[in-house]
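Have a look at the structure below, then the notes.
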Amino acid sequence: MMKFKQALAASIVLFYVAANAHAFPKIPTYLVDGYKNNKDYKPFLETVEGLKSKCDVCHKPGADKKAKGHGLNDFGTAYHDRFDHKGFQTADKAMKTDEAMKIFKDAWEKSIVEKNADGKVYGDLIKEGKLPGKND
């Protein structure tokens, strides 16, 4: 009976950890789906498709996404500060993709008008087919 209780407890802990260890793996999908028909985004989306990890649009490659600051680059920080995480998660889990897309795009559109430390507008970098954030 003791082994059963231990196995049950371990299963519950594992389930809890798996259920709560969530980043936003669908964000790159929303990015591509949300802008695939926008001709200004074609070069940028080609750049994104060529990335080893599409998360590198907002995160520094190889950075620990669970650490303080989530390993975000400058654009990722601008986006993160405008993104309704809870609303997005709720809409996405409920398969309300239109609502989740609106939340994603609202934050994206507010972020791309911002400037980086060099004074370049993130949206202009995107139109040039470049990643908006600095990953160094």
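Scanning the stretch 110-126 for residues that are in contact (Cβ under 8 Å) with a residue 12 or more places away in the chain, within 19 Å of N37 (Cα to Cα) and surrounded by fewer than 16 Cβ atoms within 10 Å (Cβ to Cβ) yields a count of 0. Looking across the stretch 64-120, the residues that are outside any loop (DSSP other than H, G, I, E, B) and hydrophobic (A, V, I, L, M, F, W, C) come down to L72, F75, A78, F88, A91, A100, M101, I103, F104, A107, W108.
Residues that are at pLDDT below 95, crowded, with 16+ Cβ neighbours inside 10 Å and either among the charged types (D, E, K, R) or assigned to a loop (DSSP other than H, G, I, E, B) (or both): does the stretch 1-21 have at least one? The answer is no, given that none of the residues of the stretch 1-21 is at pLDDT below 95, crowded, with 16+ Cβ neighbours inside 10 Å and either among the charged types (D, E, K, R) or assigned to a loop (DSSP other than H, G, I, E, B) (or both).
Of all residue pairs spaced 6 or more apart or on separate chains, those with beta-carbon atoms under 9 Å, a first member in the stretch 80-109 that is in contact (Cβ under 8 Å) with a residue 40 or more places away in the chain and a second member that is open to solvent by less than 70 Å² (accessible area, probe 1.4 Å) and charged (D, E, K, R) are A100/D92.
Could you tell me whether K52 is modelled with pLDDT of 90 or more and loosely packed, with under 13 Cβ neighbours inside 10 Å? Yes, satisfied.
Any residue at all in the stretch 74-91 that is over 16 Å from I27 (Cβ atoms) and of a type in the set (A, V, I, L, M, F, W, C)? Outline the logic, then answer.
Within the stretch 74-91, the first condition is being over 16 Å from I27 (Cβ atoms), and the residues that meet it are 74.
Pick out the ones that are also of a type in the set (A, V, I, L, M, F, W, C) and you get none.
No, that holds for no residue.
In this structure, G87 does not qualify as at pLDDT below 95 and either over 12 Å from the mean Cα position of the chain (by Cα) or not hydroxyl-bearing (S, T, Y) (or both).
The values are calculated or read from the model by the stated rules, or taken from the named source; none is laboratory data. What you see is a predicted model; the values in this text were computed from it and never measured. Using ideal geometry, Cβ is built from the backbone for each residue, glycine included, and neighbour counts are taken over all protein chains shown. Only protein heavy atoms, including side chains, enter the accessible area calculation; ligands, DNA and RNA are left aside. Shrake-Rupley method; radii C 1.70, N 1.55, O 1.52, S 1.80 Å.
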